[in-house]
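The structure under discussion appears below in the form of C-alpha cells.
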Amino acid sequence: MRQTLARYAHWLHTRWPAGVVEKLPEVRPDGTTSMPGVRVVGDLTGIPLLKFALDTGARAVQAIAAEPDFATGRRQDLLDVAIIGGGVAGMAAALEARRAGLDFRVFEGTQTFS
C-alpha cells in the first residue's frame with residue numbers, strides 16, 4: 001500500500017508542465033498573496049474539494065472587482081482578469097467574471113477540468 005501511494009504521489013507531482021514539484025506561494029486565508037492583484041484559489045490552497053474550489057474561484061473575482069482601485073484603473077488594452085488554470089476554481093472564476101461583465105481570459109496548459 002505504501003509503495004502504491006508513493007508511486008501515485010510521484011506521478012501526481014511530476015505530471016505538471018514543469019516536471020518537478022514546485023513550492024507553493026505563501027497565501028493568506030482570503031487567498032491574497034504578497035503580489036498585488038494575485039490570488040490563489042482552488043487546489044493550490046491545499047484543500048482539494050470541488051465545493052471549496054467553486055467558492056474560492058468566484059469569491060476571488062468578486063473581491064478583485066470590489067477593490068477601490070479596480071474600477072478607476074481599468075484599461076481597454078488590458079484584461080481585467082487573467083485566470084491561470086482551467087480547473088474547477090478557474091472555471092468558476094471565469095463564470096463570475098462573465099457575470100460581472102469583466103474582460104477575462106482563461107489560460108490552461110493542457111485541457112479544462114484536467
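No value in this document is a laboratory result; all are computed from the given coordinates. Since this is a predicted model, take the numbers as computed values, not measurements. Please note: Cβ atoms are built from the backbone with ideal geometry, for glycine as well, and neighbour counts cover all protein chains shown.
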Worksheet, complete the sentence: Selection from region 56-79 of residues touching a strand residue (DSSP E or B) at 6+ places or on another chain (Cβ under 6 Å) and farther than 20 Å from residue 27 by Cβ yields 79
Item to complete: State whether the residues of region 84-93 include one that is of a type in the set (Val, Ile, Thr) and over 10 Å from the mean Cα position of the chain (by Cα).
Response: no
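Find the helices (runs of 4 or more DSSP H) located wholly in region 26-114 whose residues include 2 or more that are touching a helix residue (DSSP H, G or I) at 6+ places or on another chain (Cβ under 9 Å) and either buried (at least 19 other Cβ atoms within 10 Å of the Cβ) or touching a residue at least 40 places away in the same chain (Cβ under 8 Å) (or both), and list them. Working first, answer last.
Values: elements: 50-66, 68-73, 88-99.
Answer list for region 26-114: 50-66, 88-99.
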